[in-house]
Structure formats: C-alpha cells, structure tokens
Amino acid sequence: MTGFAALPCISATITANKSNEIVALNQDQTYPITWLTKGNLPLPPVMWTENFSTFYIPTPQDPDGDDVYYWIDWGDGNVEDWIGPYASGVTVCISHVWIDEGTYQIKVKAKDQDGESKCAVYSLTLTSDLNFFGVEIGYVDITYTFTIYWKNCEYEYCIYIDWGDGEVEDWMGPFAEQPISFSHTWSLPGEYILRLKFKDIYGNESDWITFIITILSLKNNPPSAPVINGPERGRPKTYECTLKPGTYNYTFKAIDPDGDNVSYYINWGDGTCEEWVG
C-alpha cells in the first residue's frame, strides 16, 4: 500500500470584527481570522413635548442595542453637546426654556459606537396665542408627534388637520385650553403642507394655519456636484510679474438631498489640494 504524506493542518478561530479584512492562513499553523462587522447607525431621534419646556426622546433609537448619545441645538444659541450615554430604549427627558417669543429650529442627532444618525429638525413656535411644536425635517416610516396649545381661548374648540398626503383628521375635539398632541407617519419622501384649522362651539372657523414638512428617505444619497464661483483669470506669483498677484477667493456650494453635512475636496490644478474641507 502506498503511503501518503501528512496533510497540512489548517484551522482558524473566528472573532467578530471587519468583514473585508481576513488574515490569510498558512499551512501547518493556526491563525485567527479577524472579521469585523460594523453595526447599524442609530435612527434619527424622535422628540416630542407636552408643555413646551420639557422634551422627550422616547423610542429605542439604536437597532443594535448600543448605548446612545444625543446632540441637541435648541435654536437659541444653546447646544447640548453629545449628552449621554443612554441605554437604547430609555426615554430621555430634557428641559429647556426659551425667553422670547418667536420660531426656533431645533436640531437633534444621535450617535453610537458605529457613528452618527441623520439629523432631525423640529420647529417650535411660541406666541401669545398659539404654541406649536413638530418635526420640520423628518424621515419616512417614522412616527412624529406634534403638540399645539391655543392659549387664551374663551370656549372649547375642535381641530381639523390636513396632513398633506391625502390623510386628514376631521374635527377632533372639543378641547379646552390645554396642550394637545397628535401623531402622523409619512410613507413617501417629499415636501408636505400641514394645515390646521380651529372651530369654536358656535361653528366659527379660523383661517388655515400652515407648516411645511420635509420628509426624506433614510437611504444615503450623494450630494450634488459643487457649484463653483470665482475669477476665471488671474496672475501667477512669479518674480517676472511687475504687478503684485492677488489672492483669489472661490465659493463652493453642494446640496445633499438627505440634509447631511458636506465636505469638499479641492484640486487647484497646480499640484496642491485641499483635503476634505468641512
């Protein structure tokens, strides 16, 4: 009987890390395979309020169950800079008070060990008659809660809501002088006009109050090609020039359909580059 040489022993141990970085195996030795799996980013935060001074982020924000941090720009010059960490699924309660009447744009992001979420933008309008809070820039298939408070009303009233996507809430109420919350989910990206109308117990109806809601897809889309503005002619900086060359300023503008921040890579054409400014 013909003998056979011993076959090389190849074995490996698997550790969870990055899927495209696998260490090659050699014969007769044991090598670990490093296999990294990148988790999911947290969802854009959902925020709502009952009294316009205490705000809640109530739903699980992280598909992987990772701890989450929150960044909040209150729109009045005050920023909560990555507060946390909070366990996924925990309702976060944060208080903030605005001194002056007006409309404020509140921006909220979440992050975990895998990176930052997309930014949700909320609008807060504070007046002597009507307070309103709701999403201004949101995302498909996420339920958003809106809060309104009609102050100083003499009588009970009903509310009619047109969500702008073909769905309406037909004369809810009657309500007394109190904050009222209502929720809606948009299934398609687009720009929607949210319309509210009030009616008192005598049948008198108010004019329409309108808010523009932008709903984006959670899919990551690239920004548009930058628009460049600046001089097309100039003088090089050489010793032969009798005129002093100037510094030439250029502006760059690109639009990201998801509302993400944009960085710019600039090749000046003379061998120098700006490496991802922004």
| said: Could you work out how much longer the chain between ASP64 and ASN229 gets when fully extended? Use 0.36 nm per residue separation minus the Cα distance between them, nm to one decimal. | reply: 55.0 nm
| note | Applied in sequence order to segment 75-87, the curve 6.51 cos²θ - 1.76 cosθ + 1.60 (Karplus, θ = phi - 60°) yields integer Hz couplings, x standing for Gly and Pro, of x, 10, x, 9, 10, 8, 9, 6, 7, x, x, 10, 5
| said: Which one, LEU126, ILE99, THR143, projects farthest toward the positive side of the charge dipole computed for segment 96-149 from Cβ point charges (K/R +1, D/E -1)? | reply: THR143
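Let me know the number of lysine pairs in segment 48-216 closer than 25 Å at the Cα, not counting same-chain pairs under 8 apart.
Working: LYS107/LYS118; LYS109/LYS118; LYS151/LYS197; LYS151/LYS199.
Qualifying lysine pairs in segment 48-216: 4.
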| field | Within-13-Å neighbourhood charge of ILE106 [Cβ basis; K, R +1; D, E -1] | value | -2
| Which ³J(HN,Hα) values, rounded to whole Hz and listed in residue order, are derived for segment 137-154 from phi using the Karplus coefficients 6.51, -1.76 and 1.60 in 6.51 cos²θ - 1.76 cosθ + 1.60 with θ = phi - 60°, glycine and proline given as x? | 10, x, 9, 5, 6, 10, 7, 10, 9, 10, 10, 10, 8, 8, 8, 6, 7, 6
| remark: Length gained, ASP256-ASP270, 0.36 nm per residue minus C-alpha separation, equals 2.2 nm
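Once R0 is set to 35 Å, what does the formula 1/(1 + (r/R0)^6) return for the Cβ-Cβ distance between ALA176 and VAL97, expressed as a FRET efficiency to the nearest 0.05? List each step's numbers first, then the result.
Numbers: r = 24 Å, r/R0 = 0.69.
Rounded to the nearest 0.05, the efficiency is 0.90.
Readers should treat all values here as calculations from the given coordinates under stated rules, not as data from a laboratory. Bear in mind that the values here come from a model prediction, so they are computed numbers and not experimental data. Backbone-built Cβ (ideal geometry, glycine too); neighbour counts: all protein chains shown.
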